[in-house]
Amino acid sequence: MGKKQHSKDRMYLTKTEWATEWGGAKSKEVVPFKRLPFYCCSLTFTPFEDPVCTPDGSVFDIIHIIPYIKKYGKHPVSGTELKAEDLISLTFHKNSEGEFHCPVLNKVFTEYTHIVAVKTSGNVFCYEAIKELNIKTKNWKELLTDEPFTREDLITIQNPNALDTKVLVEFDHVKNSLTLDDEELRKMSSDPTYNINVKGDIKQMLLELGTEKGKQTALHGGGGDKAIKERAAALAAILSARSRIKEDSKSTKDGEGKGTQSYSIVDAASASVHGRSAAAARATSSDKTAARIAMHMAGERTPVNAKMVKSRYTSGAASRSFTSTSYDPVTKNEFEYVKVERNPKKKGYVQIHTTHGDLNIELHCDLAPRACENFITLCERGYYNGVAFHRSIRVVILLVLEEEVSLFGDSLLRMSCTQN
């Protein structure tokens, strides 16, 4: 054994090792080049949708290569003369997972796959299938369409052994900085919704963005035309109610009214709906609901029959205005007011008048407050007026007809009328 057998086994990196094998600076000759993937357009370097190719195997997207040929009249890669008649339409096949593959051998195409296309049909295969089933057997018929072709009709789309092909920096349009600025690209840069496949309500919504109608829709909370009309009617009711309150207070100061009795905004909203004075009658349940909606849309912080407290979260107005242009700009965050959840400790009682007598129902408000509130709200709205009961099991359940239940679609929570 030699005395200096470990002389080259150093415990540190030399300058040559650092420069060639590690993170040191390298000469430009050994820097790996960028190669275009087979599924990308050679003009835009993006995945193609409608692929076509030239006789030398360069793949393009037809919506980009046609305007380029009309403007420059030459090949974007080689720089030679090119016409639209020289383009060949390609058909790439995909498997169930959406990956490009050979339709004969079902092999997925990768950057190491030798890919060829048949000029007469445009179908794309791996070279292994063509070699084994056509060349070796001398069967010059297309494997899918059975069309005859020759060896000259084979177009190489990708050859992993030819490393000097499809190098991006060697393309003619890259060297000469040739860009395509046609009318279509200008529309794409100016209109963000251009070439987006939308239809129906989504298209109408995108067209209304930034318009006055869009701002009003966002201001009223969105929704369909029916919801917008209901909110508009409620808002008109509350505005009319405010004017009535001002008129009543003014007439009281002038000595025309008796006493100084104050009426809530609910009573005023009811008066504006039915065309009567606030002193004539109290509001009904439906008018209360409209008044609450109108107060919320008008910016009131305290609903009529609910206690509101400041929460730990913001209202989200600043984020909405930053995200959507349909909202007015807001730069200051405000805390959101939330309704206080009340937990009653007592039972509730409801009496239902039927044609066979009265039913006294006990509500477990201490155990299920939301369900009881929903049931009482439905009663106030008159949803149970004229309902037909088709089955009554003593001390167990009382069932309503299916046709009648469908009338309760506007309720707060869809529930069945049960009695335990």
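The values are calculated or read from the model by the stated rules, or taken from the named source; none is laboratory data. In this text the structure is predicted, and so the values were computed from the model without any measurement. Neighbour counts are summed over all protein chains in view; Cβ atoms, including those assigned to glycine, are modelled from backbone coordinates with ideal geometry.
Here are some residues: LEU206, LEU178, LEU219. Which one is surrounded by 15 or more Cβ atoms within 10 Å (Cβ to Cβ) and modelled with pLDDT under 85?
Working: LEU206 fails: surrounded by 15 or more Cβ atoms within 10 Å (Cβ to Cβ); LEU219 fails: surrounded by 15 or more Cβ atoms within 10 Å (Cβ to Cβ).
None of the others qualify; the one that does is LEU178.
Would you be able to say whether some residue in region 63-77 is part of a strand (DSSP E or B), in the same structural domain as ASN176 (by TED's automatic domain parsing) and touching a Gly at 6+ places or on another chain (Cβ under 8 Å)?
So in region 63-77, the residues part of a strand (DSSP E or B) come out as 74.
Still in the list and also in the same structural domain as ASN176 (by TED's automatic domain parsing): 74.
Of the ones still in play, those that are also touching a Gly at 6+ places or on another chain (Cβ under 8 Å) are none.
There is no residue in region 63-77 that is part of a strand (DSSP E or B), in the same structural domain as ASN176 (by TED's automatic domain parsing) and touching a Gly at 6+ places or on another chain (Cβ under 8 Å).
Closer than 14 Å to SER42 by Cβ and surrounded by fewer than 20 Cβ atoms within 10 Å (Cβ to Cβ): is that true of LEU82 in this structure? Reasoning before the result, please.
Numbers: closer than 14 Å to SER42 by Cβ: yes; surrounded by fewer than 20 Cβ atoms within 10 Å (Cβ to Cβ): no.
Against the criterion (closer than 14 Å to SER42 by Cβ and surrounded by fewer than 20 Cβ atoms within 10 Å (Cβ to Cβ)), LEU82 does not qualify.
With respect to the numbered conditions (1) polar (S, T, N, Q); (2) closer than 15 Å to PHE92 by Cβ; (3) more than 42 Å from the chain's Cα centre (by Cα), which one is the sole condition not fulfilled by SER121?
Exception for SER121: condition (3).
Residues to consider are PHE48, PHE33; find the one that is out of contact with any Phe, Trp or Tyr (no Cβ under 6 Å at 6 or more places or on another chain) and at pLDDT 80 or above. Before you say what the answer is, go through the steps one by one.
Details: PHE33 fails: at pLDDT 80 or above.
Answer to the selection: PHE48.
Condition first: among the β-branched types (Val, Ile, Thr) and in contact with an Asp or Glu (Cβ under 8 Å, 6 or more places away or on another chain). Now tell me which residues in region 302-349 satisfy that.
Of everything in region 302-349, just one residue is among the β-branched types (Val, Ile, Thr) and in contact with an Asp or Glu (Cβ under 8 Å, 6 or more places away or on another chain), namely THR314.
Here's the yes/no breakdown for (1) closer than 26 Å to TYR72 by Cα; (2) in contact with an Asp or Glu (Cβ under 9 Å, 6 or more places away or on another chain):
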{"site": "ILE135", "(1), (2)": "no, no"}
{"site": "ASP146", "(1), (2)": "no, no"}
{"site": "ILE155", "(1), (2)": "yes, yes"}
{"site": "LYS166", "(1), (2)": "yes, no"}
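Inside region 63-95, can you point out the residues that are under 38 Å from the mean Cα position of the chain (by Cα) and among the hydroxyl-bearing types (Ser, Thr, Tyr)? Show your work before the answer.
First pass over region 63-95, keeping only residues under 38 Å from the mean Cα position of the chain (by Cα): 63-71, 76, 87-95.
Hits for region 63-95 are TYR68, SER89, THR91.
So, of the residues in region 376-401 that are aliphatic (A, V, I, L, M) and either closer than 15 Å to ASN360 by Cβ or not in a loop (DSSP other than H, G, I, E, B) (or both), which turns out to be modelled with the highest pLDDT?
First, the residues of region 376-401 that are aliphatic (A, V, I, L, M): 376, 378, 387-388, 393, 395-401.
Restricting the remaining residues to those that are either closer than 15 Å to ASN360 by Cβ or not in a loop (DSSP other than H, G, I, E, B) (or both) gives 376, 378, 393, 395, 397-400.
Details: ILE376: 87, LEU378: 84, ILE393: 79, VAL395: 72, ILE397: 80, LEU398: 79, LEU399: 79, VAL400: 75.
Here the residue is ILE376.
Hey, any hits in region 95-112 for a residue that's aliphatic (A, V, I, L, M) and surrounded by fewer than 17 Cβ atoms within 10 Å (Cβ to Cβ)? So that I can check it myself, show each step before the final result.
Quick first cut of region 95-112, residues aliphatic (A, V, I, L, M) only: 104-105, 108.
Filter once more, so that each one left must be surrounded by fewer than 17 Cβ atoms within 10 Å (Cβ to Cβ): 105, 108.
Yes, that holds for at least one residue.
Would you mind telling me which numbered condition in (1) outside any helix (DSSP H, G or I); (2) at negative phi; (3) at pLDDT below 95 LYS138 fails?
(2)
Give the residues of region 79-135 that are touching a residue at least 40 places away in the same chain (Cβ under 8 Å), in a strand (DSSP E or B) and aromatic (Phe, Trp, Tyr), sorted by residue number.
PHE100, the sole residue that qualifies.
From the list GLY73, GLY98, GLY57, which residue is over 19 Å from THR165 (Cα atoms), modelled with pLDDT of 85 or more, among the small types (Gly, Ala, Ser) and in contact with a strand residue (DSSP E or B) (Cβ under 7 Å, 6 or more places away or on another chain)?
On the way: GLY98 fails: in contact with a strand residue (DSSP E or B) (Cβ under 7 Å, 6 or more places away or on another chain); GLY57 fails: over 19 Å from THR165 (Cα atoms).
One residue alone meets the criteria, GLY73.
Does ASP146 satisfy the criteria of being more than 19 Å from HIS114 (Cα to Cα), of a type outside the set (Ser, Thr, Tyr) and surrounded by 15 or more Cβ atoms within 10 Å (Cβ to Cβ)? So that I can check it myself, show each step before the final result.
Details: more than 19 Å from HIS114 (Cα to Cα): yes; of a type outside the set (Ser, Thr, Tyr): yes; surrounded by 15 or more Cβ atoms within 10 Å (Cβ to Cβ): no.
Criteria not met by ASP146.
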